[in-house]
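Undergrad: Structure incoming, see below.
The values are calculated or read from the model by the stated rules, or taken from the named source; none is laboratory data. For clarity, every value in this text was computed on a predicted model and none was experimentally measured. Cβ placement follows ideal geometry from the backbone for every residue including glycine, while neighbour counts extend to all protein chains displayed.
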Amino acid sequence: MGTWTVPASAAVAAVAAVALVLAVGLPAVVRPLLVRAGVLDVPNARSSHQSPTIRGMGITTAVALPAALAVAAFLPLGSGAGQARATLVVILLACLCAAAIGWVEDIRGLAIGLRAGLQLVVGALATAAVAIIDPGAQQRWWIPAGAVAVAAYVNVTNFMDGMDGISGTHGLLVGGFYAFGGAATGHQWLVYAGVAIAAAFAGFLPWNLARNKVFMGDVGSYLLGAAISVTAMAAFLAHVPVEYIFSPVLIYLVDTFVTFLRRLLAGERWYASHRQHVYQRLNIVGLSHLQSTGVVCAATVVVGVLGIVAAQGNSLVQVTATALCVLVVLLYLRTPTLFQRHFRRKAAARAR
């Protein structure tokens with residue numbers, strides 16, 4: 001596992017400051033431009049909001065995050081600095097490419113096949129670049145798997161981006177867990193990447209949660225998916241324990257996979273707009289946007305912590321932590337039913 005090698009606090013703070021300041025400040029400039037351009041999210045069958053809302057604000061995060069990664073690439077990176085610096089550049093470029101695809105989708109729309117093809121290309125190129133960066137690794141055969149994984153998670157974050165605060169907090173939490181994993185395993189580039197992701201998406205939250213809210217749009221959700229998946233793929237190829245990588249994204253993956261499977265078995269079009277994700281059903285049964293987002297965040301934190309425990313424990317601890325993680329996931333999947341029963345009991349009690 002390696003020893004803890006946390007970069008200087010000033011370096012970490014510099015990365016966080018660049019991401020946070022730009023993410024918080026740029027929307028003030030960009031919002032009037034989006035209003036004039038008429039970039040609006042009109043409610044549909046998938047939407048949890050009721051009125052047209054400005055979207056595309058993720059374009060500001062698509063500036064903040066790459067800028068922070070660029071700063072990180074020039075900071076001290078310890079041993080193997082050249083390889084680590086190149087990895088940060090790959091993540092930066094993948095973020096820009098994914099955000100560009102999302103921006104076109106926001107403005108003009110893209111055919112499903114073309115959109116999927118472009119996402120696969122981004123994933124394949126990013127995986128190939130990371131594999132080439134490590135001259136001692138025989139990892140070229142991971143390129144197809146990496147392409148699919150990146151494209152898949154870009155779509156996962158897009159599907160899950162339907163509730164106030166959910167994407168911003170997901171970036172904040174996953175970025176934080178990845179930074180911790182980087183510190184625990186001695187990968188300074190992963191610390192910087194995690195901090196950049198966390199701060200950039202944290203900076204979007206005040207705008208998303210304000211009274212006159214805005215949405216990040218596909219540009220933001222594609223950026224979030226690419227940033228997390230390419231960082232995770234690079235960490236995996238760098239032999240970071242899979243528990244650090246996989247556990248923070250487990251809730252998003254399970255929610256999307258179970259919903260996809262349920263719709264597939266029901267003969268529904270998997271890509272059609274809907275409100276069948278767990279987080280959406282929580283809102284339907286009576287939770288507010290923030291409460292629904294809170295349930296997702298709480299489950300993410302618990303499985304993320306259990307992943308850390310599993311990564312750092314012995315065999316018995318690993319088995320126990322994994323079992324608890326499965327229980328948390330199953331409980332999360334049941335939360336809409338549990339809350340619905342709770343609200344019905346409260347309503348029945350008031351009616352007496």
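Undergrad: Name the residue that is modelled with the lowest pLDDT, counting only residues in region 257-287 that are buried (at least 16 other Cβ atoms within 10 Å of the Cβ), outside any loop (DSSP other than H, G, I, E, B) and not hydrophobic (A, V, I, L, M, F, W, C).
TA: Applying the filter and picking the extreme gives Arg263.
Undergrad: Right, next: Just to verify a result, which residue in region 70-87, among those that are touching a residue at least 24 places away in the same chain (Cβ under 8 Å) and either surrounded by fewer than 15 Cβ atoms within 10 Å (Cβ to Cβ) or over 26 Å from the mean Cα position of the chain (by Cα) (or both), is nearest to Ala8 (Cα to Cα)?
TA: Here the answer is Pro76.
Undergrad: Let me ask something else. In region 182-224, how many are within 20 Å of Ala72 (Cβ to Cβ) and either buried (at least 24 other Cβ atoms within 10 Å of the Cβ) or of a type in the set (Gly, Ala, Ser) (or both)?
TA: Of all residues in region 182-224, those within 20 Å of Ala72 (Cβ to Cβ) come to 182-204, 223-224.
Adding the requirement that they be either buried (at least 24 other Cβ atoms within 10 Å of the Cβ) or of a type in the set (Gly, Ala, Ser) (or both) leaves 182-184, 186-204, 223-224.
The number of residues fulfilling the criteria is 24.
Undergrad: Sticking with this one: Would you be able to say whether some residue in region 316-339 is without any contact (Cβ under 8 Å) to a residue 12 or more places away in the chain, assigned to a loop (DSSP other than H, G, I, E, B), under 23 Å from Tyr244 (Cβ atoms) and not small (Gly, Ala, Ser)?
TA: The answer is no, given that none of the residues of region 316-339 is without any contact (Cβ under 8 Å) to a residue 12 or more places away in the chain, assigned to a loop (DSSP other than H, G, I, E, B), under 23 Å from Tyr244 (Cβ atoms) and not small (Gly, Ala, Ser).
Undergrad: Check Gly123, Gly117, Gly102 and return the single one that is in contact with an Asp or Glu (Cβ under 7 Å, 6 or more places away or on another chain) and modelled with pLDDT of 95 or more. I'd like the intermediate steps shown before the answer.
TA: Details: Gly123 fails: in contact with an Asp or Glu (Cβ under 7 Å, 6 or more places away or on another chain); Gly117 fails: in contact with an Asp or Glu (Cβ under 7 Å, 6 or more places away or on another chain).
Answer to the selection: Gly102.
Undergrad: Please determine, by comparing only the residues of region 210-242 that are assigned to a helix (DSSP H, G or I) and of a type in the set (Phe, Trp, Tyr), which one is modelled with the highest pLDDT.
TA: Tyr222
Undergrad: Is it the case, given these coordinates, that Thr320 is surrounded by 13 or more Cβ atoms within 10 Å (Cβ to Cβ), more than 22 Å from the chain's Cα centre (by Cα) and hydroxyl-bearing (Ser, Thr, Tyr)? Spell out how you get there, then give the answer.
TA: Details: surrounded by 13 or more Cβ atoms within 10 Å (Cβ to Cβ): yes; more than 22 Å from the chain's Cα centre (by Cα): yes; hydroxyl-bearing (Ser, Thr, Tyr): yes.
Taking the combined requirement at face value, the residue satisfies it.
Undergrad: Any chance you could count how many residues in region 276-309 are more than 15 Å from Val254 (Cβ to Cβ) and small (Gly, Ala, Ser)?
TA: Within region 276-309, residues that are more than 15 Å from Val254 (Cβ to Cβ) and small (Gly, Ala, Ser) number 4.
Undergrad: Okay, next question. Among (1) assigned to a helix (DSSP H, G or I); (2) among the aliphatic types (A, V, I, L, M); (3) within 30 Å of Val122 (Cα to Cα), where does Leu306 come up short?
TA: Of (1) assigned to a helix (DSSP H, G or I); (2) among the aliphatic types (A, V, I, L, M); (3) within 30 Å of Val122 (Cα to Cα), only one is false for Leu306: (3).
Undergrad: For region 98-128, which positions are under 24 Å from Asp218 (Cβ atoms), of a type in the set (Gly, Ala, Ser) and out of contact with any Cys (no Cβ under 9 Å at 6 or more places or on another chain)?
TA: Hits for region 98-128 are Ala98, Ala99, Ala100, Gly102, Gly109, Ala111, Gly113, Ala116, Gly117, Gly123, Ala124.
Undergrad: Another question, then. From the list Ala227, Ala198, Ala202, exactly one residue is in contact with a Cys (Cβ under 7 Å, 6 or more places away or on another chain) and either within 22 Å of Ala299 (Cβ to Cβ) or small (Gly, Ala, Ser) (or both). Which is it?
TA: Numbers: Ala198 fails: in contact with a Cys (Cβ under 7 Å, 6 or more places away or on another chain); Ala202 fails: in contact with a Cys (Cβ under 7 Å, 6 or more places away or on another chain).
Ala227 is the lone residue from the list that is in contact with a Cys (Cβ under 7 Å, 6 or more places away or on another chain) and either within 22 Å of Ala299 (Cβ to Cβ) or small (Gly, Ala, Ser) (or both).
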